[in-house]
Each structure stands twice: as structure tokens, then as C-alpha cells.
Amino acid sequence: MTDAQLLHAYRIMERSILLDQAVLRLIEEGSARLLLHSGRGQEAIGTGVCAALRDDDMLFYSHRGLIQLLAKGMQAGPLLGDFLGRVDGATKGLGAGIVHAVDPALGLMGSSGTLGGGFVLSAGAALGARKLGDDRVSVHIFGEGSANRGTFHEAANAAALWKLPMVWLCENNGLSVSVAHREATSIEDVADRAAAYGMPSRIVDGQDVEAVYDAMADAVARARAGDGPTLIEAKTLRFRGHYEGDPQTYRSKEDIAAAHQRDPLRITAEKLAARGIGEAQLAALRDEEARAMEVAVQAALASAKPGPDRIYQGLLAESAAA
Ligand SMILES: Cc1ncc(C[n+]2csc(CCOP(=O)(O)OP(=O)(O)O)c2C)c(N)n1
């Protein structure tokens, strides 16, 4: 990654941490009534993936993916608006927190409320790009638990057979809610499954943004050249509970403390320091981001709530003549 790309990744990681904190505050104050699935600890994945994508490449993000939305170009304001159910939200007042934000202009195609739905959706989008004759790539980020859905296998078979222009990235944080990977899955590496479908795979350190970026850049080039899909498995760490408020009784304090030892934000700061971009510059960047987040929070709180007619809007495409 260039210095500029690495610094941008650091900025987006910091923004996502601030956004997590802002949403938690809104929940505690009673302004937002919802669950937050924090992606804290997994920031190197969304930033590394998106650094390797063009704006028009399509991303199906995960339920832990605020960082992925920010890295693909969505602003914090529309996301806050969604958490609060305001008309300035990405869904213009439909709310529903993270998994429904869509912005085709940014290549953000949404997520899937039912985990595993993203495999067939991302394969379908890749097939759509192929049929339209363009060279966009379709990317899906998902957890290792989601990879146990049958949809993984049907979509993998079709994607490999038809050499669809897509990349799948598994964020393997070792936990699905409270269930350890080894208690739910017969193999250690999800990447092993790719071979069964004739799909290449790579395992990378998910705490290292450059490792994610390098694997992703190769896989995107391969997809764009018409050589088909790749599965990348990023071994990562979930710092917080499955949802905010989860007491995590299934996990030891030592396990949580050990996870924090490999913070992608700190690892990225160390990489930047080695390139001569030091703490003073990063502190200024963090201040700038904190001020911008506060402005976004206040703007979202000031935004109107939708009227009942919102539920009927956008159901049918409006004709140009209307
Ligand atoms: C089909 C389906 N089953 C169950 C759920 C409830 N659910 C939401 S997140 C989650 C855990 C997913 O684990 P994983 O895919 O490993 O992702 P992680 O939460 O670890 O990032 C579950 C079971 C769901 N949304 N959809």
C-alpha cells in the first residue's frame, strides 16, 4: 500500500471506532433502540478490501461491517440517520441500523438479514456485471459461521463453474455469537472448502491491513481478467461481545485481553511510524475525525423523522414522465 492508502486506512479505522462509540452513546441515552454488532478488532479487513476496489465495484458487507461501509465511501451521517430512523439516513427513514444501507453509486449493494444470503446475491451481481458486459467485480464479506449455510456451496459451485468476477472474504473471528468455530465446523480453515469447487484460496492475517490488501488486489485482478472467483480467509479477532450488552460468559477474560494485543489500529500506526508518519500527525487526524463525528451526530439528531407515507415510497420504480 502507498503511504496515502495506509494513512487513509488509519483514518477510516479511527472513524469507525468513533462511530461505534457514538451509536453506543445514542443507545445509552435512549435515542436509538437497536442492537449494535461491533466490528472492533476487525478494522483491517474492510479497509484492506476496499483499498483494492474501484468505486463501481460492488460490495455486499457483513452485519459487523460499519467499517466496510465507511471504507467503501459512505459517510457517517447517513449511517447515524439509519440508526436513528431519520429521513437523512441512507434508507431515508426506514432505519434498521446497519444491514440495509445501500448506495449503488458507491457500489454498496447491501447486506442480507438472513446470514448466508450474501453468497447468492454476490454471485448474482457478478453474473449481472458479466451479462452487462462491464468489468466490475462483486465482493462479499461474511463470517465463518455464515459459511456453514448451504447457500455457500450452491453459489461457490456456480461461481467457479461460470468463472464469475467475484471475491469472497471470510472474516474468521473464531466465534459465531457464543459458539466457537471448532465446535461448529469440522475443518479449521474455511479456505479448504474452495478447492472442492476448483476455486483458489488464500489465508491471511486479518489484523494486518497490508496483508488483506495484497491478497485482495491479486484476487480482484484475477476476477477482472475473467479468471473467476477467489476465496480469502482473514484470521481475525472479535474484541467485543456478539452484540453490545452481551455478557460474554462463554469467553474468558484472558481470551478477550489476548485479542486486544493485536489491535489493527495500533498495528497500522506502527507501520505508519516506520514510514515517518508519527504520532503527532495521527493525533491531529484523530481530533479532526472526532470533531467531524460530533457534527454528524448532532445533524442526525436534528434530522426529521419520516411520516407514515414513507413506508409506501420506493416500492415501484417511478417512470421518467411521472
Ligand atoms: C440464517 C440466519 N441464522 C441466524 C441469524 C442470527 N445471527 C446473526 S449474526 C449470527 C452469528 C454469525 O456468526 P459469523 O458468521 O461467524 O459472524 P460474526 O458474528 O462472528 O462476525 C447469527 C447466528 C441470522 N441473522 N440469519
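Let me check against my output: what whole-number percent is the relative contact order of the chain, with C-alpha pairs under 8 Å and at least 6 apart?
With pairs under 8 Å counted, the relative contact order is 23 percent.
Using a 10 Å cut-off on Cβ atoms, rank the peptides 220-233, 62-75 from the highest mean neighbour count down.
In descending order of packing, they fall as 62-75, 220-233.
Could you give the size of the charge dipole of the chain about its Cα centre, using +1 on the Cβ of each K and R and -1 on the Cβ of each D and E, expressed in debye and rounded to the nearest 20?
Charge dipole, the chain, about its Cα centre: 460 debye, nearest 20.
Just order 18-29, 144-155, 284-295, 247-258 by mean Cβ neighbour count inside 10 Å, highest at the front, would you?
Sorting 18-29, 144-155, 284-295, 247-258 by mean packing, highest first, produces 144-155, 18-29, 284-295, 247-258.
When 1/r is averaged over all different Cα pairs and the result inverted, which Kirkwood radius in Å belongs to the chain?
Here the Kirkwood hydrodynamic radius works out to 20.2 Å.
If packing is taken as the average number of other Cβ atoms within 10 Å across a peptide's residues, how do 133-141, 180-188 rank, most packed first?
133-141, 180-188
Tally up the carbon and sulfur contribution to the accessible surface of region 147-267 as a whole percent, 1.4 Å probe, everything protein left in place.
Accessible surface attributable to carbon and sulfur in region 147-267 totals 51 percent.
Which aspartates and glutamates does LYS92 reach when only Cα atoms under 20 Å apart count, and residues fewer than 8 places away in its own chain are ignored?
Partners within reach: ASP82, ASP103, ASP309, GLU318.
Can you work out the Karplus-derived ³J(HN,Hα) for every residue in region 311-316? Use 6.51 cos²θ - 1.76 cosθ + 1.60 with θ = phi - 60°, whole Hz, and x for glycine or proline.
For region 311-316, the Karplus-derived couplings read 5, 8, 7, x, 6, 10 Hz, x marking Gly and Pro.
Enumerate the lysines that LYS235 could reach by cross-link, defined here as Cα to Cα under 24 Å, with residues fewer than 8 away along the same chain left out.
Result set, ordered by chain and number: LYS72, LYS253, LYS271.
Which value at 222 nm does the chain reach when only helices count, each DSSP H run of 4 or more adding -39,500 (n - 2.57), with the total divided by all residues and rounded to the nearest 500 deg cm²/dmol?
-14000 deg cm²/dmol
Putting +1 on Lys and Arg Cβ atoms and -1 on Asp and Glu Cβ atoms, find which of PRO264, ILE187, ALA292 reaches farthest to the positive end of the dipole of the chain.
ILE187
For region 139-260, what's the radius of gyration and Dmax over Cα atoms, in angstrom?
For region 139-260, the Cα-based Rg and Dmax read 15.4, 47 Å.
Once a ≥ b ≥ c are taken as the square roots of the eigenvalues of the Cα gyration tensor of region 1-138, is the result rounded (a/c under 1.5), prolate (a/b larger than b/c) or oblate (a/b not larger than b/c)?
It is oblate, given that a/c is not under 1.5 and a/b is not larger than b/c.
Between region 19-42 and region 175-234, what is the C-alpha centre distance in whole Å?
Here the answer is 29 Å between Cα centres.
Which of TYR10, PRO165, GLN281 sits closest to the plus end of the dipole of the chain, meaning its Cα is farthest towards the positive end, when Lys and Arg get +1 and Asp and Glu get -1 on the C-beta?
Ranked along the dipole, the leading option is PRO165.
Quick one: of the DSSP bridges fully inside the chain, what percent are antiparallel, nearest 5?
Of all bridge pairs located within the chain, approximately 10 percent are antiparallel.
Under the definition of Cα pairs under 8 Å and six or more residues apart, what whole-number percent is the relative contact order of region 114-238?
Worked out over region 114-238, it gives 30 percent.
At a 1.4 Å probe, what is the % contribution of carbon and sulfur to the accessible area of region 32-120?
56
Using a probe radius of 1.4 Å on heavy atoms only, what accessible surface per residue do you get for the chain? Whole Å² is fine.
44
About the Cα centre, and with charges only on the beta carbon of Lys, Arg (+1) and Asp, Glu (-1), how big is the dipole of region 125-262? Nearest 20 debye, please.
The calculated dipole for region 125-262 is roughly 360 debye.
Helix by helix through the chain, keep the DSSP H runs that span 18 Å or more along the axis on Cα and average at least -0.5 on Kyte-Doolittle, and give those back in order.
The qualifying helices are 3-29, 117-132, 209-224, 279-302.
May I ask for the distance between the Cα centers of region 266-293 and region 101-172, given as a whole number of Å?
Region 266-293 and region 101-172 have Cα centres separated by 33 Å.
The values are calculated or read from the model by the stated rules, or taken from the named source; none is laboratory data. Note that the coordinates shown come from a computational prediction; the quantities given were computed from them, not determined experimentally. In this analysis, Cβ positions are derived from the backbone assuming ideal geometry, glycine residues included, and neighbour counts consider all displayed protein chains. Just so you know, the surface numbers come from the protein's heavy atoms only, side chains and all, with ligands and any DNA or RNA stripped out. Shrake-Rupley method; radii C 1.70, N 1.55, O 1.52, S 1.80 Å.
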